[in-house]
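For reference, the structure is listed below as structure tokens.
The values are calculated or read from the model by the stated rules, or taken from the named source; none is laboratory data. In this text the structure is predicted, and so the values were computed from the model without any measurement. All Cβ positions, even for glycine, are placed from backbone atoms using ideal geometry, and neighbour counts span all protein chains on display.
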Amino acid sequence: MSTKGHLTGIETFFDKDEVIVTKTCLKGSITYANRTFLRISEYDENEIIGRQHNLIRHPDMPRCVFKLLWARLQAQHEIFAYVVNRSKLGNHYWVLAHVTPSLNSERKVVGFHSSRRVPERAPLEGTIIPLYHDLRQREQQEADPKRGVEASSDMLQAIIQNKGVSYDQFIFSL
């Protein structure tokens, strides 16, 4: 794990039967957080409601994954993604996130809903952690952060294309 910012290097775990749930508005501000989220993120409800969800973004998380996430959500598609988050105290925790747009009765996107479960350790350690390390390295090779995200996005797409599958198929094959 990175040493940038306040990080402890301590991984926090939650039970495989638990689900972390948050909801956000269109701009990414948290409008709802369940008790599991509050416990694992180490935030109180009054500290998190109204704050940007990226408050828990871990610096080792490749930005290209969030670029893909937002592109899918803007197109009104769901996405599954492995994510490492940072807690208030600097611990980290891994999740397999399922993020969906929340639609009103006119099918207009009014926010986003995310449910996160405990990921299986084998694909996490054997594929995701090394992949994310390589993607972050690629992002950091560029002086311009936007170009870094583009380069790592291209890298991720090439990996998936070389496997001959879609992003969803890649994630579900792990």
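Residues in the stretch 99-117 that are over 17 Å from Gly28 (Cβ atoms) and under 13 Å from the mean Cα position of the chain (by Cα): 1 in all.
Across the stretch 89-98, what is the number of residues that are of a type in the set (A, V, I, L, M, F, W, C) and either surrounded by fewer than 15 Cβ atoms within 10 Å (Cβ to Cβ) or farther than 18 Å from Arg35 by Cα (or both)? Give the derivation first.
Initially, the stretch 89-98 is screened for residues of a type in the set (A, V, I, L, M, F, W, C), giving 89, 94-97.
Add one more test, that the residue is either surrounded by fewer than 15 Cβ atoms within 10 Å (Cβ to Cβ) or farther than 18 Å from Arg35 by Cα (or both), and what stays is 89.
So the count comes out to 1.
Tell me, which residue of the stretch 108-139 that is of a type in the set (Gly, Ala, Ser) and not in a helix (DSSP H, G or I) is surrounded by the most Cβ atoms within 10 Å (Cβ to Cβ)?
Taking the stretch 108-139 first, the residues of a type in the set (Gly, Ala, Ser) are 111, 114-115, 122, 126.
Checking the rest, the ones that are also not in a helix (DSSP H, G or I) come to 111, 114-115.
Values: Gly111: 18, Ser114: 21, Ser115: 15.
If we take residues in the stretch 108-139 being of a type in the set (Gly, Ala, Ser) and not in a helix (DSSP H, G or I), then Ser114 is surrounded by the most Cβ atoms within 10 Å (Cβ to Cβ).
Counted as qualifying within the stretch 15-107 are the strands (runs of 3 or more DSSP E) with 3 or more residues that are in contact with a Lys or Arg (Cβ under 8 Å, 6 or more places away or on another chain) and modelled with pLDDT of 95 or more, namely 30-33, 79-86, 92-103.
Scanning the stretch 158-174 for residues that are within 17 Å of Tyr82 (Cβ to Cβ) and assigned to a helix (DSSP H, G or I) returns Ile159, Ile160, Lys163, Tyr167, Asp168, Gln169, Phe170, Ile171, Phe172, Ser173.
For the stretch 129-154, the tally of residues that are in contact with a helix residue (DSSP H, G or I) (Cβ under 6 Å, 6 or more places away or on another chain) and free of Cβ contacts under 8 Å to residues at least 60 places away in the same chain stands at 3. Remark: Glu47 falls outside the filter, which requires a residue to be free of Cβ contacts under 8 Å to residues at least 40 places away in the same chain and acidic (Asp, Glu).
The condition (being touching a Phe, Trp or Tyr at 6+ places or on another chain (Cβ under 8 Å) and closer than 24 Å to Arg138 by Cβ) is satisfied by just one residue among Val118, Val84: Val84.
Which of the residues that make up the stretch 59-85 are of a type outside the set (A, V, I, L, M, F, W, C) and free of Cβ contacts under 8 Å to residues at least 40 places away in the same chain?
First, pick out the residues of the stretch 59-85 that are of a type outside the set (A, V, I, L, M, F, W, C): 59-60, 62-63, 67, 72, 74, 76-78, 82, 85.
Once the filter is applied, which keeps residues that are of a type outside the set (A, V, I, L, M, F, W, C) and free of Cβ contacts under 8 Å to residues at least 40 places away in the same chain, the stretch 59-85 yields Arg72, Gln74, Gln76, His77, Glu78.
Yes/no matrix, rows are residues, columns are (1) touching a Ser or Thr at 6+ places or on another chain (Cβ under 9 Å); (2) charged (D, E, K, R); (3) modelled with pLDDT of 95 or more; (4) within 19 Å of Val84 (Cβ to Cβ):
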| position | (1), (2), (3), (4) |
| --- | --- |
| Ser114 | yes, no, yes, yes |
| Val118 | no, no, yes, yes |
| Leu124 | no, no, yes, yes |
| Tyr132 | no, no, yes, yes |
| Arg136 | yes, yes, yes, yes |
| Val149 | no, no, yes, yes |
| Asp154 | no, yes, yes, no |
